[in-house]
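Notes for the one structure printed next.
The values are calculated or read from the model by the stated rules, or taken from the named source; none is laboratory data. Nothing here was measured: the structure is a model prediction, and the numbers come from that model. Quick reminder, even Gly has a Cβ in these numbers, built from the backbone with ideal geometry, and neighbours come from all protein chains shown. Remember, those area values only see protein heavy atoms, side chains included, never the ligands or the DNA or RNA. Shrake-Rupley method; radii C 1.70, N 1.55, O 1.52, S 1.80 Å.
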Amino acid sequence: MIFYDYKCNLTPKQCIDRLHLAFGDEAPSNRTVYNWFAEFQRGRTFLSDEFREGRPSTSVVATNVDAVREMIERDRHITYREIQASLGIDMKAIHTILHDHLSVRKLAVVGSHTI
């Protein structure tokens, strides 16, 4: 939808409004829409993830995704630090698991780490 709105010459704000109308709280964040518009303006036309150099993450694996899912099902107010202490994985991996694999929206604010 974001690419379609971009191709229709809508503004990012208009796109955001349409996404919220269609998807409500499940709509992509404003930042996501602005980032995609910037990518399209730079000439990006493909929507799949780009290849990234470097070592693949060894923390974002099915067993950790399942473990985090079980942890948040047991305690919706669990913090990043508690997950980290339990699984021994870094904050970036926790963020990736929560937001990219489990599609978790904000659950709790604890200190500087929001889940």
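Charges at C-beta only: +1 for Lys and Arg, -1 for Asp and Glu. How large is the resulting dipole of segment 1-42 about its Cα centre, in Debye rounded to 20? All intermediate terms of the calculation are to be shown ahead of the outcome.
On the way: 5 positive and 5 negative charges, 40 e Å.
Here segment 1-42 has a charge dipole of around 200 debye.
If you put +1 on each Lys and Arg Cβ and -1 on each Asp and Glu Cβ, how big is the dipole of segment 62-101 around its Cα centre, in Debye rounded to 20? Each step should come with its number before you reach the end.
Working: 5 positive and 7 negative charges, 19 e Å.
The dipole magnitude comes to about 100 debye.
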Under a 1.4 Å probe, counting only protein heavy atoms, HIS101 has an accessible area in Å², nearest 10, of 100
Could you pull the accessible area for SER103 with a 1.4 Å probe, rounded to 10 Å²?
-> 80
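Could you order LEU21, LEU102, LEU47 so the one with the most accessible surface comes first? Probe is 1.4 Å.
Working: LEU21 155, LEU102 35, LEU47 105 Å².
From most accessible down to least: LEU21, LEU47, LEU102.
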If each of ASN35 and SER48 carries a label point 7 Å out from its Cα toward its Cβ, how far apart are those two points in nm?
-> 2.0
Between the residues PRO28, PHE40, MET1, the Cα farthest towards the positive end of the dipole of segment 1-42, that dipole coming from +1 and -1 charges on the beta-carbon of Lys, Arg, Asp and Glu, is from PHE40
